[in-house]
Amino acid sequence: MAVVRRTIALCRHVAISKIPLALLVLLISSAESRKNVLLIIGDDAGFESQVYNNSVCKTPHLNALANRRGLVFRNAFTSVSSCSPSRSAILTGLPQHQNGMYGLKQNEHHFHSFDAVKSLPLLLKQHDIRTGIIGKKHVAPLQVYPFDFAYTEEHNQINQVGRNITYMKELVKKFLQESIDDPRQFFLYIAFHDPHRCGHTSPQFGSFCEKFGNGDPGMGTIPDWTPVLYKPEDVVVPYFVQDTPAARADIAAQYTTISRLDQGIGIFLEELKVAGFDKDTLVIFSSDNGIPFPSGRTNLFDPGMKEPFIVSSPYHTKRWGEVSEAFVSLVDIVPTVLDWFSIEYPSYEIYGYNKVELTGTSVLPILEKEPSSGWDTVYASHNLHEVSMYYPMRVLRTKNYKLIHNLNYKMPFPIDQDFMISPSFQDLLNRTSKGEPTNWYKTLQQYYYRPRWELYDIIKDPHEMNNLATKEKFKVVFKGLKKKLNIWQNSTNDPWICAPGGVLENRGWYPRSGVCLPMHNDLD
C-alpha cells in the first residue's frame, strides 16, 4: 500500500490511465527503490549493551538491530568529546576546529559553525531530499543546519522531544506518514537526550532523568516506556570509574535511561516498518561522545572517544550479524550518507582560501567486505565544552598507539557543571578531601594535571597509564605520529596548528598555506 501511495504521489498531476504501461512500471520500481536514511544518535551513550558485551544493561532492540540486520563496528570514535562540537562534526563531516563549532551552542556559550559551512541537511535539501530532525539539535546557525521537519529543543521542551519516547513516536509517525505522500527520498535524524545527565537542569527527575515519565507522583508518565530498574551491586563498573557505592548507584540510574533509549529505538524501527520504509532505509546508530564519567566526556582518552556504531543496510545483507575491526570516525557519517544518495561533496571555501575537503570516508564498502588494509587511524580535536573550559587537544589514534597533544597543559583539566555535581564526581572529591581510598585508577592530581604530550602503547597499555612520550625507545614512533598529526591539522585548516609554541600567520606578506612564527616561549 505504501508503494502504491508513493507511486501516486510521483504522478499526482497525471491521470494514471494515460500513463504508458512501461512508464508506470518504471514509476513503481522507482517508488520501491527510493533510498532513505535514518540516523539515530544517543546523548553521551556508551557501550552499556549486550552488543558490546555488557550482560547487565538490557538492550534487546539494539541487539536485534546489530545481530539480525546490521554490522557492528568495534573501533568507532568521535572526533570531539563534547555535545555541540560533536553534533556539528556528525552533520558536516568536518572536525570542530574546521567547521567553527568550538564549544556548546546554548546560553552563554553561544558557539556557532561558520556561515559558509555546507552541512549534510543543507546539501540534501539542495538535492531535493526531505530532511527531518527529532530531539536534540544543539547546533547553529539555522542557515547552516536547515531541516524541513524539526521538533527540537529550540521550540520544545528537550525532555519531551528527546526522552519521551511516546511523543517521539508520534513525531516519527508524522514524518513517515508525510513521506509516504511525498515522492522525495528522506533523511531523518533522531537525536535522543537519553542517557545524558540531568542533575544540573532537572534534578527532580534523578541524576540521569531516570525517573522522568516513570509514573511516580510528579514524574509524569511515558505510556510506551516500561522502566527497567537495576541494582547497584549488579552493574558493570568500567575500569575508569571508581568502584564505590555512589558510583554504582550512578551507573544503575544510567542503565535505566539506556533501557528507555533502547525501547525507543525498537518503537521507531517498528514505525519505519509499518510505513513501508524498512526495505529501503539505511539505519545508523551511534553516540555523540563518551559517557559522563571520569575520563569520559570532554576527554580524549579512549573512554571519551570510543563510540558504539551499528550500520544496517537493506541492500548490504552479506555481513549482517558480523563485527568489523575497521577504525571509523563520526566524520565518516556524512560521506556515507552522501554515498548512499550518490551525491558528490561540493568544492567550496570557508575563509576565502583553502578548499574544504572531507577527511572521512564512506563505510558502505565495509558492509560488503572487511578491508584488508587502511581503516587503521582516526583523529580527534577538542577546544572547549562550556565557554570557561578551554583545554584544546589534538589526537591521533592507531591500532597500536595513541598520541595526545594537550595545548593548554599548564592549566588544570576543567570540569563541566553537569559532571561537577554528579554523584560519581562528588564521591571522588569527598573521598580525596577526607584522605579516604577512592578505589579509582588515578588520583585527582593526575587527572587535572597532564603533560603536553601523551603517547600510549594501546596494545600493552589499553588504560593509557604509562606515558611513553619522553622515552628514548619510542622517539621514532613519537616523531612519526607527530608528523602525521601535523599533516591532518594542516589538511583541515586547524587555526591551532602552531600552538602553543608559535603564532600562525597566513595573510598579508605570508602565504595562504600559513607559517608558524616562533614565540620563543620554550614551548616550540
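A straight Cα-to-Cα reach below 26 Å connects Lys479 with the lysines Lys306, Lys399, Lys402, Lys410, Lys460, Lys471, residues fewer than 8 places away in its own chain not being considered. With each label modelled as a point 7 angstrom along the Cα→C-beta vector, the His127-Glu505 pair spans 4.3 nm. If you roll a 1.4 Å probe over the chain with all protein chains in place, what percent of the accessible area is carbon or sulfur? Exposed carbon and sulfur together represent 55 percent of the surface.
Of the residues Met420, Met389, Met411, ranked by 1.4 Å probe accessible area with the largest first, the sequence reads Met411, Met420, Met389. Only DSSP H runs of four or more residues enter the estimate; each adds -39500 (n - 2.57), and after division by the residues of the chain the mean residue ellipticity at 222 nm equals -8500 deg cm²/dmol.
Accessible area per residue (1.4 Å probe, heavy atoms of protein chains only) ranks Met305, Met219 as Met219, Met305, with the largest value leading.
Once C-alpha pairs closer than 8 Å and six or more residues apart are averaged by separation and normalised to the residue number of the range 208-352, the relative contact order reads 14 percent. Annotation: extensible slack from Glu108 through Ser513 equals 142.5 nm (criterion: 0.36 nm per residue apart, minus Cα-Cα distance).
Within the full protein context, the accessible area of Phe478 is estimated at about 30 Å² for a probe radius of 1.4 Å.
Could you tell me whether the range 36-401 comes out rounded, prolate or oblate from its Cα gyration tensor? Rule is a ≥ b ≥ c as square roots of the eigenvalues, rounded for a/c under 1.5, then prolate if a/b exceeds b/c, otherwise oblate. Rounded is the answer for the range 36-401, as its axis ratio a/c remains below 1.5. Applying the criteria of a DSSP loop state and at most 13 other Cβ atoms within 10 Å to the trypsin sites (Lys or Arg not before Pro) of the range 322-402 yields Lys369, Lys399.
Figure legend: label point modelled 7 angstrom from the Cα of Thr432 along Cα→Cβ; residues of the range 229-273 with amide N under 13 Å from it are 242. Among the DSSP helices (H) of the chain, those spanning at least 27 angstrom by Cα along their long axis with an average Kyte-Doolittle hydropathy of 0.0 or more are 245-274; this is a geometric and hydropathy rule only.
Annotation: Cα Rg of the range 430-524 relative to the compact-globule expectation 2.2 N^0.38 Å equals 1.48. For the range 235-344, a Kirkwood radius taken over Cα pairs fed into Stokes-Einstein (20 °C, viscosity 1.002 mPa s) yields D = 129 µm²/s.
Classification of the range 281-377 by its C-alpha gyration tensor yields an oblate form. The axis ratio a/c (a ≥ b ≥ c) is 1.5 or more, and b/c is at least a/b. For the range 52-185, the share of alpha carbon pairs falling in successive 5 Å distance bins from zero is 2, 9, 15, 16, 19, 19, 13, 6, 1, 0 percent. Each Cα pair under 8 Å and six or more residues apart adds its separation to the average, and for the chain the resulting relative contact order is 19 percent. Rolling a 1.4 Å probe across all protein chains gives Tyr379 an accessible area of roughly 50 Å².
Between the C-alpha center of the range 355-404 and that of the range 253-302 there is a gap of 20 Å. With a Förster radius of 51 Å applied to the C-beta separation of Leu523 and Lys231, the computed FRET efficiency comes to 0.55.
Using a basic spin-label model with each label point 7 Å from the Cα along Cα→Cβ, how many nm lie between Thr201 and Asn490? Taking the two extended label points, one gets 4.1 nm. Of the residues Glu344, Glu178, the one with the largest accessible area comes first in the ranking Glu344, Glu178, computed with a 1.4 Å probe on protein heavy atoms.
Placing pseudo-labels 7 Å out from each Cα toward the beta carbon at Glu472 and Leu142 gives an inter-label distance of 6.4 nm.
Between Arg74 and Glu154, the contour length at 0.36 nm per residue exceeds the alpha carbon distance by 25.4 nm.
With the convex hull of its Cα atoms as the shape, the range 357-455 has an orientation-averaged projected area of 9.7 nm².
Once the chain from Lys410 to Lys318 is taken as fully extended at 0.36 nm per residue, the excess over their C-alpha distance is 28.1 nm.
The values are calculated or read from the model by the stated rules, or taken from the named source; none is laboratory data. Everything quoted here is computed from the prediction, not taken from an experiment. Glycine gets a Cβ as well: all are built from the backbone with ideal geometry, and neighbour counts include every protein chain shown. Ligands, DNA and RNA are stripped out before the accessible areas are found, and what is left, the full protein with its side chains, is counted by its heavy atoms. Shrake-Rupley method; radii C 1.70, N 1.55, O 1.52, S 1.80 Å.
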